[in-house]
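Computed from the coordinates by the stated procedures, all read-outs in this text should not be read as laboratory data. Not measured: the values here are computed from a predicted model. All Cβ positions, glycine included, derive from the backbone under ideal geometry; neighbour counts span all protein chains shown.
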Amino acid sequence: MKEAQRIANLPPYLFAEIDKKIAKKRAEGVDVISLGIGDPVEPTSTHIVDKLCEQARNPENHRYPSYFGMPEFRKAVAGFCEKRFNLSFNPDTEILPLIGSKEGIAHIFLAFVDPGDITLIPDPGYPVYNVGTILAGGKPHYMPLLSKNDFLPDLTKISEEIAKKAKIMFISYPNNPTSAVATLEFFKEVVDFAKKYDILVCHDNAYSEIAYDGYLPPSFLEVPGAKDVGIEFQSLSKTYNMTGWRIGFAVGNEMAIEALGRVKTNVDSGIFNAIQYAGIAALDGSQDCVKEMCNIYARRRDIVAKALNKMHLKFAKPKATIYVWVNVPDGFTSASFATHILEKAGVVVSPGNAYGPSGEGYVRISLSVKDERLEEALVRIENSL
Ligand SMILES: Cc1ncc(COP(=O)(O)O)c(C=O)c1O
């Protein structure tokens, strides 16, 4: 038996690797604290859980769901986008429910990339942009996100030859892993670039609701003309502590939404209706639970900032996301620093180079851990230096 070349070329999935390391250390008896993955430890709000339980008992929901999501869920998405971004989408043609945004992000490449086509992806970036490209037979072209450019890609550095061959550009702000944010002026540059070279823009807005200090992240689609060239991926995972539920959505360009939907109808059978009802409860209900989480993450961000300052480590204080992107101390690489911390402090952080070559020299700290454990992890890191 021989596996396909397509998967032989795939890197191991970063977080699956981190999970293995944690399991090994725990088996050795180490009390490991993981700041590696962004996965909220607080539970999903009761009103959302209650809706799931109620709808799970209805046998109507035990059958195959609609391929395109329940009309009621798509309407709730439209309402959310209207309320939050002042944007109107047609629930029948411009909104597509997803089994988590990761699913849609992985599949969009199958809809738009032929073997040999180029994709423009951020470096460092969420690993699925790279993997999705490879699975479709495409060639990823990295757009470096550098501190000197506020972690925005410099579009003027993309050659005419590459731009002409590119089919998709992925961007994502608030950004994972750098936690950088973008302005509408930057999004406008992206729209102009995409129009010039006829590229589909995919904006991954998984962290749009997790922001601090009064900052409200925009939608890429707020830029006039953005819908002509782009779609946005949204997720209920981080917003409502629903990572395990697997529900998200894509909105925007009708042709792109239809193409992604065509791939999906052939490979999956939609989201359990009871989860979609719970999603409606989340999107339509009180957003106090979101505010509460933002306050919790802001408090943890400040705990991390104080500790990093004490250790004289450089970092940019995030305005959004649940991550802090930290420069490793002199003498370390991303990997050697992550390994040092794991071995000497029993703390897991993600090495920056795992998100792409320009992540070298950084590690990412996640704020999705209880305050006491976060504080203990920081003390242990300090003692290890
Ligand atoms: C930037 C980014 N996009 C998308 C996702 C996927 O989220 P989900 O599939 O849970 O909606 C994540 C998860 O960590 C992420 O960090």
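Spatially, the range 300-375 and the range 67-101 are offset by 35 Å when compared through their Cα centroids.
Only lysines eight or more places from residue 83 in sequence, or on another chain, were considered; those with a Cα closer than 26 Å are 51, 75, 102, 188, 227, 238, 291, 319. Ranked by the mean number of other Cβ atoms within 10 Å of their residues, highest first, the peptides 108-118, 277-287, 317-327 fall in the order 317-327, 277-287, 108-118. Electrostatic tally near residue 341: other residues with Cβ closer than 11 Å to its Cβ, Lys and Arg +1, Asp and Glu -1, net 0. Here the extension length gained between residue 16 and residue 147 equals 44.4 nm, from 0.36 nm per residue of separation less the Cα-Cα distance.
Among 74, 26, 299, the residue with the largest mean-square fluctuation in a Gaussian network model of the chain, with springs joining Cα atoms closer than 10 Å, is 26. Using the Cβ of residue 9 as centre and a radius below 13 Å, the other residues enclosed give a net charge of +1, where K and R count +1 and D and E count -1. Normalised by the number of residues in the chain, the mean separation of alpha-carbon contacts (under 8 Å, six or more apart) gives a relative contact order of 24 percent.
Ranked by the mean number of other Cβ atoms within 10 Å per residue, highest first, peptides 123-132, 85-94, 60-69 order as 123-132, 85-94, 60-69. Taking every DSSP helix (H) stretch of at least 4 residues in the chain, weighting each as -39,500 (n - 2.57) and dividing the sum by the residue count yields a mean residue ellipticity at 222 nm of -13000 deg cm²/dmol. Screening the chain for whole DSSP H helices of 18 Å or more along their axis (Cα) with average Kyte-Doolittle hydropathy at least 0.0 returns 254-267. Largest GNM mean-square fluctuation across 347, 41, 328, computed for the chain with C-alpha springs under 10 Å, falls on 41. Approximating the spin labels as points 7 Å out from Cα along Cα→Cβ, the residue 195-to-residue 312 distance works out to 5.1 nm.
Estimated at 0.36 nm per residue, the fully extended path between residue 26 and residue 5 surpasses their Cα-Cα distance by 4.1 nm. The mean sequence distance of close C-alpha pairs (under 8 Å, at least 6 residues apart), as a share of the length of the range 329-385, puts its relative contact order at 33 percent. For the pair residue 64 and residue 139, label points projected 7 Å from Cα toward Cβ lie 4.0 nm apart. Just add up the charged neighbours of residue 152: K/R +1, D/E -1, any other residue whose Cβ is under 15 Å from the Cβ of residue 152. Result for the local shell: -3. One quarter of the convex hull surface built on the alpha carbon atoms of the range 14-160 amounts to 14.5 nm², the projected area averaged over directions.
Going by average Cβ neighbours within 10 Å, how do the peptides 142-151, 96-105 rank, with the highest at the top?
In descending order of packing, they fall as 96-105, 142-151.
Taking every alpha-carbon pair under 8 Å whose residues sit at least 6 apart, the range 276-385 reaches a relative contact order of 24 percent.
Subtracting the Cα-Cα distance of residue 343 and residue 305 from 0.36 nm times their residue separation leaves 11.4 nm of extension gain.
Under 14 Å from a label point set 7 Å out along the Cα-to-Cβ vector of residue 183, the amide N atoms of the range 198-228 belong to 218.
Compactness of the chain is given as radius of gyration and Dmax, 20.6, 61 Å, from Cα positions.
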